[in-house]
Amino acid sequence: MFSKTQFQKHQTAITLALLGAFFMINALVNATTEIMEAMRTPPLSHAHWEPFVWEYTSALSSFVAVIWLARMLNAYPWNWQRPSRSVSLYSLFAFTFSLIHIGLMIFMRESIYWLLGSNYTFASTLEQWAFELLYELRKDVWSFVFFTILIWSYRYIVAQWLGDATDISLEKMKNNYNAIDIEPTANNAGKQNDLLLIKKHGREFLVNKNDIEWIEASGNYLNLHINEQVFPMRDTFKSFLDKNTHLPIQRVHRSYAVNVNLVNNLSLTASGDGTIELLSGQTVKMSRRFKLKV
């Protein structure tokens with residue numbers, strides 16, 4: 001059975017495969033529909049292969065544009081505190097999305113036609129260029145809206161299914177969790193505190209980083225093991241440990257880190273590698289490269 005851990009390790013490949021399959025199937029349906037529509041009033045005004053070139057070049061350029069869009073949504077998430085700025089920024093994204101789609105599409109079509117000894121003309125006059133660009137821009141803006149909502153929805157569903165752990169700043173905690181009496185101190189003012197915000201199955205709750213028993217790398221995630229529960233967090237070992245040097249968490253393997261305060265005992269083999277047993281009874285592999293840190 002396909003597990004959450006397997007999905008985490010291959011999430012990028014799975015997501016790209018699903019997106020690619022969507023575009024390829026959609027292009028096939030559109031191309032065959034174009035041919036069948038034209039066959040109603042023969043003879044065909046174009047070669048049988050041309051609709052496939054038109055649709056698959058559009059699909060491939062859209063595929064690239066959506067990947068770019070996903071990166072932009074990561075780098076510049078919608079800011080409800082400054083909606084006017086977000087509207088302006090996302091309008092620019094929509095225009096850029098269209099330019100990527102149109103530019104790649106024309107380039108690929110002209111290249112394929114040239115290789116086949118034929119000629120492709122997107123537009124020949126200024127009026128035609130204006131009309132065709134407006135025609136494509138109109139469709140691309142709608143595609144931009146559709147894929148933005150799709151990406152947000154997909155990420156939300158995945159986050160709810162896997163669970164999502166994120167650092168939460170003191171300021172955000174004071175704004176969103178008024179029932180909790182939290183004040184910054186000289187040591188933590190302006191920094192992240194030792195709490196993680198967990199979002200899972202439509203619920204939100206806080207856990208203390210000091211309660212983390214051990215951490216496991218899993219693709220683009222770190223799996224945080226806390227009280228027999230697992231909470232995925234989008235981060236890397238280096239980034240997490242660099243931001244939390246004050247925590248009693250040490251890396252003990254290429255893929256694992258443990259809370260040294262919760263270690264019960266460890267056993268070593270002749271090679272220097274070993275196994276760490278935690279107070280909870282769980283065991284974690286240890287590499288001889290990291291054994292001096294425990």
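The values are calculated or read from the model by the stated rules, or taken from the named source; none is laboratory data. Please read these numbers as outputs of a predicted model, since none were measured by experiment. Virtual Cβ from ideal backbone geometry, glycine too; neighbours counted across all protein chains shown.
Quick look at the values:
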quantity: Complete set of residues in the stretch 93-118 that are over 17 Å from Glu136 (Cβ atoms) and outside any loop (DSSP other than H, G, I, E, B); calculated: Ser111, Ile112, Tyr113, Trp114, Leu115
quantity: Matching option when the condition is under 22 Å from Leu162 (Cβ atoms), in the same structural domain as Ile198 (by TED's automatic domain parsing) and not aliphatic (A, V, I, L, M), among Asp242, Asp211, Asp273; calculated: Asp211
quantity: Residue in the stretch 210-234 that is farthest from the chain's Cα centre (by Cα), counting only those that are on the phi < 0 side of the Ramachandran plot and in a loop (DSSP other than H, G, I, E, B); calculated: Glu213
quantity: Tally of residues being modelled with pLDDT under 90, surrounded by 15 or more Cβ atoms within 10 Å (Cβ to Cβ) and under 18 Å from Tyr154 (Cβ atoms) across the stretch 11-52; calculated: 1
quantity: Number of the condition not met by Lys238 [criteria: (1) under 24 Å from the mean Cα position of the chain (by Cα); (2) not in a helix (DSSP H, G or I)]; calculated: (2)
